[in-house]
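These notes are about the structure you will find just below.
The values are calculated or read from the model by the stated rules, or taken from the named source; none is laboratory data. It should be emphasised that the depicted structure is a prediction, and the values quoted were computed from it without experimental measurement. Positions of Cβ are generated from backbone atoms using ideal geometry, with glycine treated the same way; all protein chains shown enter the neighbour counts.
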Amino acid sequence: MEVPVNILKHGAEEILKYLGETPENAVKIAEILVRADMRGVSTHGTYLLTVISMRVKGGQLKLPTIPKVISDSGATAVIDGMDGIGMVAGSMAIELAIEKAKQYGIGIVLIRNTNNLGSLACYTQKAAEQGMIAIMSCNAAPAMAPWGGAEKFMGTNPIAISIPADGVGFTADMATSVVARGKIRKAARHGIDIPDNWALDINGVPTTDPNKALKGTLLPMGGPKGSALAMAVDIISGLLAGSGYGPLLKSFHVLEGPTRVGASCIVIDVSRFMALGKFKELMAEYSDSIKSMKKAEGFSEILMPGEIEYRKEQNSLKSGIELDPQLISTLDEILVQAGSNIRLGENKGGA
């Protein structure tokens, strides 16, 4: 079912305020979650409102979220997320990194003691829209074994990179595991098998059963290369930020205490190296060169990183956001509890 973008945003804001967030925070969180849904990344979208609600009602998340800047020196800063909703600390971090990049050419902001940040691309794109290159990463609860291991140690530890360009632009957002853990959770909820190269069961044997995969361990993308990247994210976003890492992290989806997630934001001002207009011209040439080349067998076009999500976002603006009917029903139940007049299931299509 398609839900209009503005209705979903307002509904998300109402739910967040009902759970205890400030109106200002609710707007920021809803923006991140709804944009993820618009881009087709539903595992990191408004579905997370159900998890936030569970944690608040289970006494594992105290609102409102009040992150604090605990270190601020030149081009760098550290933010303590105070175990609040991750999108608040994440928004503060990218905004601060952008301001520092404008002043110093580069801004590096780390976050400690936060929670699930949602889709990192939704932050890095904010910087790209202001003529900045942004690289953001965060760690997560153990879900993946180091290459050669059979025990969970590292999280899926995603990395997102956005580069300013006209039109489609360039945004890569990926887990360092073969697949994001959220996709396996989604398969488990719908009773769907997963490919046998995504995960191992508790005995270290490849499995197509998503439930066994969740109890076992995900596989790193590219074998030892993905394993190394996941470790680097854990070190920079976790150790360096003074946050948790490896087995010290807890799952946001389970009521087992603070997750201790850490993150890093690096923003670079393109104009310190060349005029932004010239850079965008070069990006257009670069993209055109790639997209116009001879196609491999079985391919009708070559897509730039983030192009699929860009197309989905444009379609969402026109036709509304495609949401799972069960999720709509669950969110509407919370809206009823909140005393809101908004009903997602009663609106169809359009922005």
**Asked** In the list L8, L16, which residue meets the criterion of being assigned to a helix (DSSP H, G or I), in contact with a strand residue (DSSP E or B) (Cβ under 7 Å, 6 or more places away or on another chain), in contact (Cβ under 8 Å) with a residue 24 or more places away in the chain and under 26 Å from K62 (Cβ atoms)?
**Response** L8
**Fill in**
Residues of region 142-159 being out of contact with any Ser or Thr (no Cβ under 7 Å at 6 or more places or on another chain) and within 21 Å of N115 (Cα to Cα), in sequence order, are P142, F153, M154, G155
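Of the residues S251, S287, S292, which single one is under 22 Å from N139 (Cβ atoms) and either modelled with pLDDT under 95 or not assigned by TED's automatic domain parsing to the domain that holds K9 (or both)?
The conditions single out S251.
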**Prompt:** Does A213 qualify as being surrounded by fewer than 14 Cβ atoms within 10 Å (Cβ to Cβ) and small (G, A, S)?
**Reply:** no
**Message:** Checking D173 against (1) touching a Cys at 6+ places or on another chain (Cβ under 9 Å); (2) farther than 27 Å from M136 by Cα; (3) not polar (S, T, N, Q): exactly one of these is not met. Which one?
**Reply:** (2)
**Complete:** Over region 110-132, the set of residues touching a Ser or Thr at 6+ places or on another chain (Cβ under 7 Å) and among the β-branched types (V, I, T) is T124
**Message:** Of the conditions (1) under 20 Å from W147 (Cβ atoms); (2) out of contact with any Gly (no Cβ under 7 Å at 6 or more places or on another chain); (3) in contact (Cβ under 8 Å) with a residue 24 or more places away in the chain, P206 satisfies every one except a single condition; which number is it?
**Reply:** (3)
**Item:** Of the criteria (1) of a type in the set (D, E, K, R); (2) free of Cβ contacts under 8 Å to residues at least 12 places away in the same chain; (3) touching a helix residue (DSSP H, G or I) at 6+ places or on another chain (Cβ under 9 Å), which one D234 fails
**Value:** (2)
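Going by what's in this entry, would G226 be described as at pLDDT 95 or above and closer than 28 Å to A77 by Cβ? Quick ask: steps written out before the conclusion?
Values: at pLDDT 95 or above: yes; closer than 28 Å to A77 by Cβ: no.
No.
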**Request:** Kindly indicate which of A101, A93, A26 is part of a helix (DSSP H, G or I), touching a Leu at 6+ places or on another chain (Cβ under 6 Å) and within 25 Å of A127 (Cβ to Cβ).
**Result:** A26
**Prompt:** Which of the following residues is without any contact (Cβ under 8 Å) to a residue 40 or more places away in the chain and either outside the structural domain of C122 (by TED's automatic domain parsing) or surrounded by 14 or more Cβ atoms within 10 Å (Cβ to Cβ) (or both): I328, I302?
**Reply:** I302
**Prompt:** Does region 60-72 contain any residue that is of a type in the set (V, I, T) and touching a strand residue (DSSP E or B) at 6+ places or on another chain (Cβ under 7 Å)?
**Reply:** yes
**Item:** Criterion: closer than 23 Å to M274 by Cα and either in contact with a strand residue (DSSP E or B) (Cβ under 9 Å, 6 or more places away or on another chain) or aromatic (F, W, Y) (or both) - qualifying residue of I98, I85
**Value:** I98
